[in-house]
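Student: Before I ask anything, let me first share the structure, which is written out below as structure tokens.
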Amino acid sequence: MSELQNQPRFPGIFSLVRLSAVLVVLSVCIGSACALFLWLLERATSLRIEYPVLLFGLPLAGVAVGLCYFWFGRDVEAGANLIVDEIHEPGAGVQLRMAPFVLIATVVSHLFGASVGREGTAIQVGGSLASATARLFRLRAPETCVLLTCGIAAGFGAVFGTPIAGAVFALEVLTLGRLDYRFLLPAAMSSIIADWACRAWGIHHASYPLVFQGTLNSDGSVSHVDIMLVVRVAIAALAFGLLSRVFAESVHRLAAFIKKLCKTPWLLPAIGGILTILLVMIVGNRDYLGLGVLPAEPGGASIVSFFGPTIYPWSWFWKLVFTVTVLATGFKGGEVTPLFFLGAASGNILAFLLHVPVDLLAAVGFVSVFAGAANTPLACTLMGVELFGAGDIVYFATGCFVAYACSGHTGIYLSQRIGTPKSASWNRVCGMTLREARMPQIPD
């Protein structure tokens, strides 16, 4: 297939005006839901740290969530991929119960120590509320596509506090290598309003200690582009791109392998829970449970810790193992915050090897590994600006673009369509989903 099939049509200007009021209310609701989710997540993380014994309940908690999905939520289990599919090929719609299912399941996962993220939950909450709103107002398919895209933007922007990145992410994640700017204005409006609503509830997002803001010249001015530093960042980005690919393929392949071993889907999380307990015993600490934004113990490995002078040589590997284990066995949450951890951790050790400022390469890795795994380099560059400041945008862009180019035709969202392949030899997969492109008969 040389062209994308079933592109969603765009509503006319009068329909967009009619949608504006709906989008405002929807975005406030999504932002408020994200605020509730982040508050619950913070409480769950605090309880897990205060009561370490909760970890031993992870297998049973996983089975309980698995049974709930098996009995009542099999039609929403595909999560974010279901929303992307619905935008490309409108069908039965995304059910409203996706929102409470994934929100509760993610909080439970974090309470008991699963190494999962939060963006998947925010995207699913946004998408399910958008779909319910479209059904409530009996909107046509083109208008529903707009609402679903805005739901993704609002959820992503609110949960990370990055509204501009959220808007661009909602466009990039639909089709690899192409952006449909017709959705940009409503997506940006929704993401900004949702972020405002989330913050209005008193939610504060983590801040990261990036001090590096350019190289000091001999005349006292600051240069934001050091060619040798750009080259070193690009070399590190090769590793970031490969790590993105390893992460995505490890989750997909391990999930397929475990499903062959265990034919009962609701039992799969028990395997992940038991393996997580064993991994904690092997590592000897609990640094790799949950989000890992802040250290559970003083001096422990965490995203914030990777910006400092201490080197953590194997943290990227252990977080990879912990996260792949639980995601492949069916725990709910998301991949993005663990990818932030992987990126910052790998940037931490690569900075030592390449003689790059540690905080700079931790920040570049933070956004670049996610860019490669989600195939969203523009959104991740903007995320770097929103989280760390615009002074290092050249390094963020270098890291994200190179990692994207090196990550291959795979990713964490297998429903993503391939609009423009990353190399000419892959033209035959144009129009396919990443899931279809991973089939054995397609050359790699």
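The values are calculated or read from the model by the stated rules, or taken from the named source; none is laboratory data. Source: prediction; values computed, not measured. Note: ideal-geometry Cβ built from the backbone for every residue, glycine included; neighbour counts use all protein chains shown. SASA here: full protein model, heavy atoms, side chains in, ligands and nucleic acids out. Shrake-Rupley method; radii C 1.70, N 1.55, O 1.52, S 1.80 Å.
Student: Restrict the check to the range 255-264 and report whether at least one residue is hydroxyl-bearing (Ser, Thr, Tyr) and at pLDDT below 95.
Tutor: Yes: one or more hits.
This table checks each residue for (1) at pLDDT below 95; (2) of a type in the set (A, V, I, L, M, F, W, C); (3) open to solvent by 10 Å² or more (accessible area, probe 1.4 Å).
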{"residue": "GLY284", "(1), (2), (3)": "yes, no, yes"}
{"residue": "ALA296", "(1), (2), (3)": "yes, yes, yes"}
{"residue": "GLY299", "(1), (2), (3)": "yes, no, yes"}
{"residue": "TRP318", "(1), (2), (3)": "no, yes, yes"}
{"residue": "LYS332", "(1), (2), (3)": "yes, no, yes"}
{"residue": "GLU335", "(1), (2), (3)": "yes, no, yes"}
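Student: How many residues does the range 49-62 hold that are over 17 Å from ILE104 (Cα atoms) and either touching a helix residue (DSSP H, G or I) at 6+ places or on another chain (Cβ under 7 Å) or free of Cβ contacts under 8 Å to residues at least 60 places away in the same chain (or both)?
Tutor: Looking only at that region, the number is 5.
Student: Does the range 144-161 include one or more residues that are in contact with a Cys (Cβ under 7 Å, 6 or more places away or on another chain) and more than 21 Å from PHE331 (Cα to Cα)?
Tutor: Yes; the residues of the range 144-161 include at least one that is in contact with a Cys (Cβ under 7 Å, 6 or more places away or on another chain) and more than 21 Å from PHE331 (Cα to Cα).
Student: Which of (1) open to solvent by less than 10 Å² (accessible area, probe 1.4 Å); (2) over 17 Å from ALA371 (Cβ atoms) does SER425 not meet, given it meets every other one?
Tutor: Only one criterion is unmet by SER425, namely (1).
Student: Condition test on LEU96, is it aliphatic (A, V, I, L, M) and surrounded by fewer than 16 Cβ atoms within 10 Å (Cβ to Cβ)?
Tutor: no
Student: Further, regarding this structure: Among (1) touching a Leu at 6+ places or on another chain (Cβ under 6 Å); (2) assigned to a loop (DSSP other than H, G, I, E, B); (3) modelled with pLDDT of 90 or more; (4) not charged (D, E, K, R), there is one condition HIS204 misses while meeting the rest; what is its number?
Tutor: (1) is the only condition that HIS204 fails.
Student: Among the candidates GLY334, GLY330, GLY299, GLY343, single out the residue that is touching an Asp or Glu at 6+ places or on another chain (Cβ under 8 Å) and either on the phi > 0 side of the Ramachandran plot or assigned to a helix (DSSP H, G or I) (or both).
Tutor: GLY334
Student: Contact list please: Cβ distance under 7 Å, first residue in the range 63-85 and touching a residue at least 60 places away in the same chain (Cβ under 8 Å) and aliphatic (A, V, I, L, M), second residue open to solvent by 60 Å² or more (accessible area, probe 1.4 Å) and part of a helix (DSSP H, G or I), pairs at least six apart or on different chains.
Tutor: Here the result reads VAL63/TRP266; VAL63/LEU267; LEU67/TRP266, each pair linking the range 63-85 to a residue that is open to solvent by 60 Å² or more (accessible area, probe 1.4 Å) and part of a helix (DSSP H, G or I).
Student: Kindly check whether there is at least one residue in the range 356-370 that is open to solvent by 10 Å² or more (accessible area, probe 1.4 Å) and either charged (D, E, K, R) or not in a loop (DSSP other than H, G, I, E, B) (or both).
Tutor: Yes: one or more hits.
Student: Identify the single condition in (1) over 21 Å from PHE370 (Cβ atoms); (2) modelled with pLDDT under 90 that LEU279 does not satisfy, given that it satisfies every other one.
Tutor: (2)
Student: For residues in the range 108-166 being among the aliphatic types (A, V, I, L, M) and out of contact with any helix residue (DSSP H, G or I) (no Cβ under 6 Å at 6 or more places or on another chain), which is most open to solvent (accessible area, probe 1.4 Å)?
Tutor: Only one residue fits best here, namely LEU136.
Student: Follow-up question, since we're still on this one. Go through ILE258, ILE311 for me and flag whichever is of a type in the set (A, V, I, L, M, F, W, C), farther than 16 Å from ALA403 by Cβ and not in a loop (DSSP other than H, G, I, E, B).
Tutor: After applying the criteria, what remains is ILE258.
Student: Could you please let me know if LEU242 is open to solvent by 40 Å² or more (accessible area, probe 1.4 Å), within 17 Å of ILE349 (Cβ to Cβ), aliphatic (A, V, I, L, M) and touching a residue at least 24 places away in the same chain (Cβ under 8 Å)?
Tutor: yes
Student: For the range 301-316, which residues satisfy the criterion of being open to solvent by 10 Å² or more (accessible area, probe 1.4 Å) and either of a type in the set (Phe, Trp, Tyr) or in contact with a Gly (Cβ under 6 Å, 6 or more places away or on another chain) (or both)?
Tutor: PHE307, TYR312, TRP314, TRP316
Student: Name the single residue that is surrounded by the most Cβ atoms within 10 Å (Cβ to Cβ) among those in the range 172-194 being of a type in the set (A, V, I, L, M, F, W, C), closer than 15 Å to LEU23 by Cβ and at pLDDT 90 or above.
Tutor: Once the filter is applied, the top-ranked residue is ALA194.
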